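Below is one structure, written out as structure tokens, with a few remarks after it.
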Amino acid sequence: MNKNKLIQLLKKTISSTAFRAMCLCVFFSLVLWMFIIFSDHRQHDFEIPIQFENSAKPDEFYYTRDSVVVVNVEATGFEFLFKSGYEDKKEKIYFDVSKLPINKSKGEMKISSDFLKTPITKSLGMENVSISILPDTILLKWQKKYSKKMIVVNQTKFETKNSYRIIKNPELLINKVVVEGDKRVLDKIDTVFTKKINISNIDKSHVALIPLEINQQHKGLYFRTTNIPVKISVEEITENEIELPINIVQQGEKENVKIFPSKVKVKYRVPIKDFTKINAENFNLYVLYSKDNLQNANKLKIRSANIPNNVEVIGISPRTVDYIIINE
């Protein structure tokens with residue numbers, strides 16, 4: 001059969017009354033099937049995670065043992081097909097309880113699941129369908145959260161290696177922490193402390209994380225920060241010893257006072273970077289003599305003044321000197 005005869009046969013079949021009647025029957029059968037399917041009422045269960053909050057009082061914490069509810073939706077096939085609720089909802093739905101009679105700082109109450117219906121149907125995009133929720137009653141518990149800032153006090157001791165020293169007091173990079181919990185407990189506490197621990201053999205500047213001392217008195221409290229960063233600044237040092245003369249400072253009536261010895265040895269520490277800058281001129285050692293106050297003392301104490309900030313005197317030998325008064 002050639003191509004022209006095939007085309008003529010197809011045209012004849014399509015134009016025939018029997019073929020048209022068959023197509024019309026198929027079309028109406030499909031329409032009837034779709035009408036039956038999509039107008040038929042069906043049921044579908046959704047598992048939805050829920051959480052409660054108070055828009056008027058954000059400092060309150062709400063929780064329930066039923067963190068997931070089962071929602072049974074009864075709707076037509078058409079609604080299931082074209083509504084967004086056909087797929088299970090995985091995101092959490094939040095319910096505002098600001099209109100519930102919740103006045104105490106802590107408590108619990110039972111609420112009907114009807115309270116949840118409107119927000120759930122809205123979330124599913126099926127506001128006009130019938131739903132039921134299990135459990136039908138939800139036990140809602142709540143507790144107001146209070147918070148305050150507490151001062152942090154360092155109790156940790158820092159020790160360097162022998163050839164190092166801490167330049168200044170360790171610096172708390174966080175000197176206040178936010179603590180949340182029961183108001184009655186928070187009102188009794190204003191200060192928190194770091195743990196009493198020793199950190200030794202420090203040989204470089206760094207930031208250490210020091211844990212807070214959290215004990216029984218803090219039961220039920222939540223610390224937003226439990227480790228405090230502490231900045232420790234150290235420097236490498238060296239020791240040296242020099243011999244220095246002693247000056248005599250007199251108060252009141254002047255006398256001819258002689259001291260023995262007239263020089264002492266001073267042992268000091270200094271940063272290595274400043275070692276060459278330090279010499280005898282950086283020290284001022286003296287004794288204080290007053291005829292009225294020291295006439296019964298046989299020794300005078302060595303004193304120091306104007307010592308550079310980067311110099312640490314660790315020993316003076318001897319610490320006291322003898323003196324005599326020469327009468328001419």
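The values are calculated or read from the model by the stated rules, or taken from the named source; none is laboratory data. These numbers were taken from a predicted model, which means no experiment stands behind them. Cβ: placed from backbone, ideal geometry, glycine included. Neighbour counts: every protein chain shown.
Mind telling me which of the residues Lys204, Lys188 ends up being over 26 Å from Lys106 (Cα atoms) and part of a loop (DSSP other than H, G, I, E, B)?
Sole residue among the options that is over 26 Å from Lys106 (Cα atoms) and part of a loop (DSSP other than H, G, I, E, B): Lys204.
Tell me, yes or no, whether region 151-159 has at least one residue that is part of a loop (DSSP other than H, G, I, E, B), out of contact with any Leu (no Cβ under 8 Å at 6 or more places or on another chain) and without any contact (Cβ under 8 Å) to a residue 24 or more places away in the chain.
no
Of the numbered conditions (1) part of a loop (DSSP other than H, G, I, E, B); (2) modelled with pLDDT under 85; (3) not acidic (Asp, Glu), Ser123 satisfies every one except a single condition; which is it?
With respect to (1) part of a loop (DSSP other than H, G, I, E, B); (2) modelled with pLDDT under 85; (3) not acidic (Asp, Glu), Ser123 is out only on (1).
Taking only region 172-185 into account, find how many residues are surrounded by 15 or more Cβ atoms within 10 Å (Cβ to Cβ) and either assigned to a loop (DSSP other than H, G, I, E, B) or on the phi > 0 side of the Ramachandran plot (or both).
Looking only at that region, the number is 2.
Considering only residues that are basic (Lys, Arg) and within 38 Å of the chain's Cα centre (by Cα), look in region 54-99 and name the one that is modelled with the highest pLDDT.
Lys92
Please give the strands (runs of 3 or more DSSP E) falling wholly within region 229-268 in which 2 or more residues are farther than 19 Å from Ser304 by Cα.
Working: elements: 234-245, 247-251, 257-260.
By residue number, 234-245.
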